[in-house]
Amino acid sequence: VLELLRGVKRGSEDRRRSLSHLRRALQNKETQQKFIRLDGSIRTLIGLFTSNLADMQLEAARCLHELSHSSDPAVAEACLPATSYLLTYLSGHSVEFTELCLYTLGNLIVESEAVRKQLLPQGIIPVLASCIQSPHEAVLEGLGYVLSQLLQAKESPAEIIPLLLDSVLPQHMLRLVCSGLKAGTGAAVEFAWCLHYIVCSHTANAALLSLGALPALTSLLLDLASEIPQNAPEGLELLVCPVLRCLGNLLAEETGCEGQIEDERLLIALFLILQCFLQQHPFIIPECLWLLNNLTADKPFFCSALLSLDLLPALLQLLPCSQMAGVLVLTVLCNVAEKGPAYCQQRHWQPALPLLLPALALPDPEVVGQCLELLHLLFLHCPEAAADFLRQGGHRALEQHQSTPELQERAQALLDMVRQPPGASAFNTCHPTSSAFS
C-alpha cells in the first residue's frame, strides 16, 4: 500500500497504473483499514479526484468507490472530506463519473451517521433534485439508490423527509415509477422503494395524496396486470412489490381516500398478479393480500366486488401458501362477512365452505382462530350456512379444537350454533339484497 501510494504521489508516467493497482488493492477489507491509517492517504486521493486530469479523476473516483463499500464506519468517516466534492461532481462530467459519485455517496450514507449529518447542510437534497432531470437511466438508478439509503436512515422522518417534500423529488419520483412499467427499469424500482419508505414514515402521506399518488399507483397496477405476460420478465416483481406496499399503506391511514379508487378492476388486477407470480415469486402473495385487506377493511364496495366477481374460491386457494397468507386470506373474508347478512348469503359462500375445512385442520392457532372468527360471522348472519357446514361434517373439524386452551371456547360456541334444532335459532335469517352487489 505504501509503495502504491508513493507511486501515486511521485507523479511519474505510471501514476495511473499505480492508482489502478491501488483500486484493486482497496477491494480487500484489511487494505482499506491500512490505507486510511496512512498519513496523507485520503488527502492524496482527494487531490487526484479533484485534479483537471479526467483519467486520474475517474480512477480516483473508483478508489473512493471501493472504500465506500467498507462496512467499517471508520472507513466511511475517513472519506468525509470527499463528500462535498462528490456532491459538486454530480452536475456535469461523464455519465460513468456521475454514476460512480452517486453510488459512492449511497454507500457512505449507509454506513455512517456522521456522513449523513454532513451531507444535509451541504445541500444534498437540492443537488439530488437537479439530478432527477437526467435523461440517463444509469444516473437515475444511482440517484434512486442514494435516496433510498437516505430514506432508510433512523433520522429520516424528522430530518430528511421534510426537506424532500420541499423539493421537486416526490412528484418526479412518482412520474418515473409510473413510466417505468414496461421495462421494469432499475430506476423505477429504486424510486418505488423510495416512495414506500416515505409512506412508511406516516409523516408525508397527505403530501403524497395531494400529488395524486393513489390514482397514479392504482393506474400503474392496472396497466401492469393488463400487459403482464404469463412469464413475466425477470425483475418486474421488484417493481410490483413496493407499488403494492405503497397502495396498501396509503389505504391503511385514516385519510378517507378509499373512495377515490372504487374500481373493481383493481381486484381483477390483484388476482392476475397473484396468478402470474404465485409459483416463482411467492413473496408477492402477502403483499397482494395486505392491499386486499386494506381495500375491504372499511368500505363495502370491494367486499361486494369480491362476491359479485366470484373471487372467494380463488382467494381460499391461497390459504395453504404460508402462515401469513392464511391469516390474511381469512382476515379479508372476515372483512366481507362482518358487513352483515347481505354479504353472507349462502349462494356466495356455499362453494367456499368446503375449502374452510382444511384450514381448521392446520396446526397454526392463529390461522384456526381467524377461521373460527369467520365461521362465527357467517353463522351469525346466515344460519343456512351453519346448516350447510354441519352437513359437510364441519362439526368434526370443530371438535378437534375442544381441547386447545386458546380455541376451545370459540370452538364450543360454534358447535352450539350449528347443532341448534331447526326453528330454534336466535340468529337473523338471510334475505337476498342484490342491490348491495351492484
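The values are calculated or read from the model by the stated rules, or taken from the named source; none is laboratory data. Values in this document were obtained by computation on a predicted structure and should not be read as measured data. Every residue, glycine among them, receives a Cβ derived from its backbone with ideal geometry; neighbour counts consider all protein chains shown. When the accessible area is computed, the model is the full protein with side chains, heavy atoms only, and any ligands, DNA or RNA have been set aside. Shrake-Rupley method; radii C 1.70, N 1.55, O 1.52, S 1.80 Å.
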| said: Compute, for region 1-122, the length of the dipole vector about the Cα centre, with Cβ point charges of +1 (Lys, Arg) and -1 (Asp, Glu) only. Units Debye, rounded to 20. | reply: 300
| note | Taking the alpha-carbon centre of each part, the distance from region 64-117 to region 159-221 in Å is 24
| What FRET efficiency would be calculated for the residue pair residue 50, residue 29, taking the C-beta separation as r and a Förster radius of 25 Å, to the nearest 0.05? | 0.40
| query | What FRET efficiency, computed as 1/(1 + (r/R0)^6) with R0 = 22 Å and r the Cβ-Cβ distance, is obtained for residue 2 and residue 72, rounded to the nearest 0.05? | reply | 0.60
| Extended-chain gain in nm, criterion 0.36 nm per residue less alpha-carbon gap, residue 223 and residue 21 | 67.8 nm
| field | Label point distance in nm, residue 153-residue 392, each placed 7 Å from Cα along Cα→Cβ | value | 5.5
| query | How many nm is it between the label spots at residue 408 and residue 272, if each spot is 7 Å from the Cα in line with the beta carbon? | reply | 5.1
| query | Given charges of +1 on the Cβ of Lys and Arg and -1 on the Cβ of Asp and Glu, with all other atoms neutral, how large is the dipole of the chain about its Cα centre, in debye to the nearest 20? | reply | 1060
| Just how large is the dipole of region 293-396 about the Cα centre, in debye to the nearest 20, putting +1 at every Lys and Arg Cβ and -1 at every Asp and Glu Cβ? | 180
| Lys/Arg Cβ at +1, Asp/Glu Cβ at -1, dipole of region 31-157 taken about the Cα centre: which of 35, 56, 149 is farthest positive-ward? | 35
| field | Given charges at Cβ of Lys, Arg, Asp, Glu: region 1-122 dipole, positive-most of 7, 69, 92 | value | 7
| note | Share of accessible surface on carbon and sulfur in the chain, whole %, 1.4 Å probe and ligands ignored, is 52
| request: For 287, 141, give the ranking by accessible area with the largest first, probe 1.4 Å. | output: 141, 287
| Sequence-separation-based contact order of the chain, relative, with Cα cut under 8 Å and 6+ spacing, percent | 8
| field | MRE, 222 nm, helices only [DSSP H, n ≥ 4, -39500 (n - 2.57), over the chain, to nearest 500] | value | -19500 deg cm²/dmol
